[in-house]
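Heads up: the structure comes next, in structure tokens.
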Amino acid sequence: MSVPRVVIVGAGFAGFHAARGLQKYAPGAEIVLINPTDYFLYVPLLPEVGAGILEPRRICVSLPDRLPKVKLVLGTVSHIDIDGHRVEWVSPEGRRSAMEFDRLVLAAGSVNKLLPIPGVAEYAHGFRGISEALYLRDHITRQLELAASTDDRDEREARCTFVVVGAGYTGTEVAAQGQLFTARLVRQLPALRNQRVRWLLADLAERLLPGLSPRMSTTAERVLRRRGVEVCVGQSVDYAGPECLRMTTGEEIATRSLIWCVGVRPDPLVDALSLPTDHGRVEVHETLVVRGRAHVFACGDCAAVPDLTHPGSITGMTAQHAQRQGKLVARNVAASLTGHDLEPYQHHDLGFLVDLGGRKAAANPLHIPLSGLAAKTVTRGYHLLSLPGNRTRTAADWAINAMMPPRAVQLGLVSADRVRLECTSPLGSRTVVERPQVA
């Protein structure tokens, strides 16, 4: 009797936890994970990498180390034959390969959500992966150092102006961490001692963190405004150029830094599968089985999972849903191989967390509103528990930086051409923009 093969596409929150669970629940199956990189990226801490608080490898968890019973295939999936039970991929060196499967788990995730705004694709930079975080850290450092070396007042002000579009989890945290980062840098540059560093956070929504409670939104806005961040709700970018942008209000802002954190959409691979979709996401039953395809499962951002806690709706594209769906899909795939009943997905959120940098955060664990140091303690404790590896190193970085703030230098490891804002990022490099709920 042949050994059943389970192929997982993508190693984000959903794919990683699906593979991790299958090691336990399907010991007799061959588990194959196809992903462009050899690590799982813990996206919620990405803003701290961009601000120099954490080293990038702290949030990159080795797949071979954490998934010893899983066969890792480095590559980007190029084609899937659902009915033929066959998946094709391209390796990092351009070699094409294919493999047959008995069960398929689609955990392809999402890509940048671009709006039809002139200049955004050319001059904005996203914030979804390690490369973008490293580039942003270098870019911010470079802008302030160039500002310190010029006598042109207009150029100096433009280089000291940073615009973040999108006031969800990512945009709010990037603005919060970024403002503290530039404040540290200015203290290292005597020429900028009296120079204002301007941060703007813009969103068409009526308030920050529109998907969360008004109390958390108010807490985040209060912290940001006290630090001097300009919170521009009800407006966004109308046009972007290399040295200037125009807001929907008509205001023109001279800047060299436009950071795009508007949101995500399902990976384009979904469109090529000829499967039923809902808002671009693969339709699945509450058991995460794709409609009409009993041998195919989908979870995470690319799946339209019915939300049994809110009948008639689908679950949000958040890391916490993806993680929990990945754990469930592992149990259900194993059950399908042995003929057992499948479980439905149901999750009641237990709260949300937003890290605002320094000693500030906003959280409502178990729906108990917290702010300040208490919220910060809960937030960091949650992240340490959720990290599947590198916990000691991450905690050590936090402790060291609390006593000795990091000194910024330009490493020049990532060029601007490598982080152009794209909406067709490699399949499997799932980086959820939204922050997780409290487990």
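A few notes on this one:
- For the stretch 241-285, the set of residues classified as assigned to a loop (DSSP other than H, G, I, E, B), open to solvent by less than 50 Å² (accessible area, probe 1.4 Å) and modelled with pLDDT under 90 consists of Gly263, Asp267, listed by residue number.
- Within the stretch 178-204, the set of residues being farther than 18 Å from Arg159 by Cα and open to solvent by less than 50 Å² (accessible area, probe 1.4 Å) comprises Ala202, Asp203.
- Residues of the stretch 295-353 classified as closer than 13 Å to Leu106 by Cα and either outside any helix (DSSP H, G or I) or of a type in the set (A, V, I, L, M, F, W, C) (or both), total: 13
- In the stretch 205-228 there is no residue that is at pLDDT 95 or above, surrounded by fewer than 16 Cβ atoms within 10 Å (Cβ to Cβ) and closer than 22 Å to Asp152 by Cα.
- Looking only at residues in the stretch 315-336 that are modelled with pLDDT of 95 or more and of a type in the set (Val, Ile, Thr), the one that is surrounded by the fewest Cβ atoms within 10 Å (Cβ to Cβ) is Val333.
- Residues in the stretch 394-418 that are at pLDDT 85 or above and surrounded by 14 or more Cβ atoms within 10 Å (Cβ to Cβ): Thr394, Ala395, Asp397, Trp398, Asn401, Val414.
- Selection count, the stretch 156-186, where residues are in contact with a helix residue (DSSP H, G or I) (Cβ under 9 Å, 6 or more places away or on another chain), within 18 Å of Cys261 (Cα to Cα) and small (Gly, Ala, Ser): 5
- When Ser110 is tested against (1) hydroxyl-bearing (Ser, Thr, Tyr); (2) surrounded by fewer than 18 Cβ atoms within 10 Å (Cβ to Cβ); (3) closer than 30 Å to Ala240 by Cβ, only condition (2) is not met.
- Here is the figure for the stretch 120-155: residues that are in a helix (DSSP H, G or I), among the basic types (Lys, Arg) and over 13 Å from Ser257 (Cα atoms) total 1.
- Matching strands (runs of 3 or more DSSP E) fully within the stretch 1-91 where at least 1 residues are over 28 Å from Thr141 (Cβ atoms) and open to solvent by 30 Å² or more (accessible area, probe 1.4 Å): 5-9, 30-35, 60-62, 71-74, 76-81, 86-90
Table: residues versus (1) under 22 Å from the mean Cα position of the chain (by Cα); (2) under 23 Å from Glu173 (Cα atoms).
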{"site": "Arg222", "(1), (2)": "no, yes"}
{"site": "Val229", "(1), (2)": "no, yes"}
{"site": "Gly234", "(1), (2)": "no, yes"}
{"site": "Gly241", "(1), (2)": "no, no"}
{"site": "Ser257", "(1), (2)": "yes, yes"}
{"site": "Gly263", "(1), (2)": "yes, yes"}
{"site": "Thr277", "(1), (2)": "no, no"}
{"site": "Leu308", "(1), (2)": "no, no"}
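- Residue, farthest from Pro344 (Cα to Cα), within the stretch 286-311, restricted to residues that are touching a Phe, Trp or Tyr at 6+ places or on another chain (Cβ under 9 Å) and open to solvent by 60 Å² or more (accessible area, probe 1.4 Å): Leu308
- Output for the stretch 340-366, where each listed residue is modelled with pLDDT of 95 or more and either closer than 20 Å to Val290 by Cβ or polar (S, T, N, Q) (or both): His340, Asp341, Leu342, Glu343, Pro344, Tyr345
- Those residues of the stretch 113-165 which are buried (at least 17 other Cβ atoms within 10 Å of the Cβ), more than 22 Å from Gln235 (Cα to Cα) and among the aliphatic types (A, V, I, L, M), in sequence order: Ile130, Ala133, Leu134, Leu136, Ile140, Leu144, Ala147, Ala148
The values are calculated or read from the model by the stated rules, or taken from the named source; none is laboratory data. Remember, predicted model here, so these are calculated numbers, not experimental data. Counting neighbours? That spans all protein chains shown, and the Cβs are built from the backbone with ideal geometry, glycine included. To get the accessible areas, we keep the full protein, side chains included, count just its heavy atoms, and leave off ligands, DNA and RNA. Shrake-Rupley method; radii C 1.70, N 1.55, O 1.52, S 1.80 Å.
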